[in-house]
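The values are calculated or read from the model by the stated rules, or taken from the named source; none is laboratory data. None of the values given here were measured: they were computed from a predicted structure. Glycine gets a Cβ as well: all are built from the backbone with ideal geometry, and neighbour counts include every protein chain shown.
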Amino acid sequence: MANNQIRVRFAPSPTGGLHLGGVRTALYNYLFARQHGGKFILRIEDTDQSRFVEGAEDYINNCLKWCGIEPDESPEKGGEYGPYRQSERKPLYAEFARKLVESGHAYYAFDTPKELEEMRNSLKSDANPSPQYDQQIRGKMKNSLTLPAEEVDRLLKDQTPHVIRILIPPNETIQFTDLIHGEVSFDSNIVDDKVLLKADGMPTYHLAVVIDDHLMQITHAFRGEEWLSSTPVHILLWKYLFGVENMPAWGHLPLILGPNGKLSKRDGAKYGFPVFAMNWADHVSGELTEGFKERGFLPAAFINMLAFLGWNAGTAQEIFSKEELVKLFSIERVHKAAAKFDFEKAKWFNQEWIKRSNAADLMEPVKKIFDLHHIPTFTDEYLETVISLTKERCTLLTDFVLQAGYFFQTPRAIDELSIKPKWSDEKSLFFTHFASALEGLPDNNHDTLEHLFKEMATQQGIKPGELQMIFRIMLVGEKMGPGVFTIASTLGNTETAKRIHYGIEIMNALRK
RNA sequence: GGCGCGUUGGUCAAGGGGUUAAGACGCCUCCCUUUCACGGAGGAAUCACGGGUUCGAUUCCCGUACGUGCUACCA
């Protein structure tokens, strides 16, 4: 195994649905890995047992599968650096935490949650609304820095609940070069003594990322910008544990915003767009959060749209296949600023992808949607024809139900109001004759039908144009769809005649 | 409050000391089509503000404002 191989990871915690931002982080990781011939790792960060959600991990796997960005190593697939679930690596973290205590970079803290709360409450003021456990106050708390050694030993021996906190050094400037933001620096005096190991023996994120990134040989760590502020803690940990020279390069991805600030599940329900990749049903509340998949998005369109939320190739091209993205993606061109998610633009990406897809490639997802609506799609050949006829008017896959449904089912109701003012005995007669003629016709090709239609209209002294809209509404039910004769031809003479008779019936009934 | 990050049309954004400041989405008008779409042609709309630096700032620097994130034994 080459030691200089690029290795990146996507490290979600299984606490619920996977939203846009998460999938984008996974995507950028995937693109980066593929482009450099590296490995893309999925690591499950399930160190918070209280937030564990049943099924969330499977859901993450499924989303990545649907998007076509599957990891090379993961809890599911395994790999040389496993286990890939942090809960299964528990003993490891405590060891490193102890090492930090021994080297004087961390300490035991015995403060109870209640005591911490009291400390915060008593120190809270307008000038300092959220007091931290830092160099100002750690000397006043119950920890191995303030307690006599014998007492600490006794507390430890008695298995008194405790945590291990990092000891942040004073007066240091912690600086690093972010792949996206450039030089970023922090004053260690404002960094607090973060908990590294919790009372239950589980590590916090801060400890776990550093250890696992090291053990899993991660070379580039991409994550959301919400992590930028805690990067100094991670850098210090790298320095104490493995050496900053071995630290992965950091890249903090800009946030994705909703219409009002940070994008949330709530925004989806509020504004009517999906936020998760796929449907997510909360096991406890039963609440269903809609996914892009079920809303009718093609995976290719979804990742294309996601890739463009914060990145662009610097050219006018906007439609990219996954393969093209792998080739062209560059972390240098990732925007620094957060992007507001625009569902209209997202839909446009999907529409473009539907339009550009071969009808054959759309058959599977489209058929699934019709099945869901209990609409029979007849033969594959027929379905494919219908898709090619209608795909350019569908923005979402679900639009096929409305845009193509009439090819499979006789419209239940027709737009009578649009026909009514134009309806007359002559026209009724025309359609009766035309329908009969149709029934005796040997073929149903487009041109034959059009000629017959126009010929008969002229014979009866009616302008063909005055009849076409009526004809369309009888076949489709509405003023929409491809050319009327194309529709009639596709439907076949028998079905066409049937719909005409039905239309005549409705219109004549309306006049009585 | 502190600290970090950010700020080009409504949205995504290119660009970057001298430009008519690209393009896309959306919106509007027109053409095509006796339908709906697609397609085509146009249109409205932008460098947050204030100071510098400079012959010249949207671009560089500093402030301010605004947005956003962090400030948990959550990630």
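Would you pick out the residues in the stretch A:1-39 that are under 16 Å from A:L325 (Cα atoms) and either surrounded by fewer than 24 Cβ atoms within 10 Å (Cβ to Cβ) or of a type in the set (D, E, K, R) (or both)?
Keep residues of the stretch A:1-39 that are under 16 Å from A:L325 (Cα atoms), which gives A:23-38.
Correct list: A:R24, A:T25, A:F32, A:R34, A:Q35, A:H36, A:G37, A:G38.
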Practice problem: Report yes if A:P129 is touching a residue at least 40 places away in the same chain (Cβ under 8 Å) and within 7 Å of RNA strand B (Cβ to nearest atom), otherwise no. | Solution: no
Quiz item: Does A:N29 count as polar (S, T, N, Q) and either over 14 Å from the mean Cα position of the chain (by Cα) or not in a helix (DSSP H, G or I) (or both)?
Solution: yes
Quiz prompt | A:L441 being in a loop (DSSP other than H, G, I, E, B), touching a residue at least 40 places away in the same chain (Cβ under 8 Å) and either closer than 22 Å to A:E505 by Cβ or of a type in the set (K, R) (or both) | solution = yes
Quiz item: Out of curiosity, is A:G104 assigned by TED's automatic domain parsing to the domain that holds A:L306 and either touching a residue at least 40 places away in the same chain (Cβ under 8 Å) or surrounded by fewer than 16 Cβ atoms within 10 Å (Cβ to Cβ) (or both)?
Solution: no
Quiz item: Only one residue in A:H446, A:H451, A:H501 is of a type outside the set (F, W, Y) and either at pLDDT 95 or above or assigned by TED's automatic domain parsing to the domain that holds A:V366 (or both), so which one is that?
Solution: A:H501
Quiz prompt | the stretch A:83-138: number of residues that are among the aromatic types (F, W, Y) and more than 37 Å from the chain's Cα centre (by Cα) | solution = 3
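Residues in the stretch A:235-246 that are more than 13 Å from A:L100 (Cβ to Cβ) and in a helix (DSSP H, G or I): how many?
The initial filter retains those residues of the stretch A:235-246 that are more than 13 Å from A:L100 (Cβ to Cβ), namely A:235, A:243-246.
Narrowing the set further to residues that are in a helix (DSSP H, G or I) leaves A:235, A:244-246.
Within the stretch A:235-246, residues that are more than 13 Å from A:L100 (Cβ to Cβ) and in a helix (DSSP H, G or I) number 4.
So, in the stretch A:430-461, exactly how many residues are touching a Phe, Trp or Tyr at 6+ places or on another chain (Cβ under 6 Å) and surrounded by 15 or more Cβ atoms within 10 Å (Cβ to Cβ)? Walk me through it before giving the result.
So in the stretch A:430-461, the residues touching a Phe, Trp or Tyr at 6+ places or on another chain (Cβ under 6 Å) come out as A:446, A:449-450, A:456, A:460.
Narrowing further to those that are surrounded by 15 or more Cβ atoms within 10 Å (Cβ to Cβ): A:446, A:449-450, A:456.
So the answer is 4.
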Exercise. Consider only pairs whose beta carbons are under 8 Å apart and that are at least six residues apart or on different chains; among these, list those whose first residue lies in the stretch A:255-268 and is touching a residue at least 40 places away in the same chain (Cβ under 8 Å) and assigned to a strand (DSSP E or B) and whose second residue is small (G, A, S) and within 9 Å of RNA strand B (Cβ to nearest atom).
Key: A:I256/A:G310; A:I256/A:A338; A:I256/A:A339; A:L257/A:A338; A:L257/A:A339; A:G258/A:S264
Practice problem: Could you list all residues from the stretch A:164-214 that are in contact with an Asp or Glu (Cβ under 6 Å, 6 or more places away or on another chain) and assigned to a helix (DSSP H, G or I)? | Solution: A:S188
Exercise. Taking A:N260 as meeting all but one of (1) within 16 Å of A:N62 (Cβ to Cβ); (2) more than 15 Å from the chain's Cα centre (by Cα), write down the number of the exception.
Key: (1)
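Residues are listed down the side, and each one gets a yes or a no for (1) more than 11 Å from RNA strand B (Cβ to nearest atom); (2) under 22 Å from A:I211 (Cα atoms); (3) outside any helix (DSSP H, G or I):
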| residue | (1), (2), (3) |
| --- | --- |
| A:V8 | yes, yes, yes |
| A:G17 | yes, no, yes |
| A:D46 | no, yes, yes |
| A:E57 | yes, yes, no |
| A:N61 | yes, no, no |
| A:W66 | yes, no, no |
| A:E70 | yes, no, yes |
Quiz prompt | Those residues of the stretch A:135-182 which are among the small types (G, A, S) and in contact (Cβ under 8 Å) with a residue 40 or more places away in the chain, in sequence order | solution = A:S144
Exercise. Would you please name the residue that is nearest to A:V184 (Cα to Cα), looking only at residues in the stretch A:259-296 that are surrounded by fewer than 20 Cβ atoms within 10 Å (Cβ to Cβ) and small (G, A, S)?
Key: A:G261
Self-check item: Among the residues listed as A:L241, A:L207, A:L236, the single one being surrounded by fewer than 21 Cβ atoms within 10 Å (Cβ to Cβ), more than 7 Å from RNA strand B (Cβ to nearest atom), in contact (Cβ under 8 Å) with a residue 60 or more places away in the chain and more than 22 Å from the chain's Cα centre (by Cα)
Solution: A:L241
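Residues that are farther than 17 Å from A:H446 by Cβ and near RNA strand B (Cβ under 7 Å from one of its atoms): list the helices (runs of 4 or more DSSP H) wholly contained in the stretch A:460-512 that include at least 3 such residues.
Details: elements: A:464-476, A:484-491, A:493-511.
Output list reads A:464-476.
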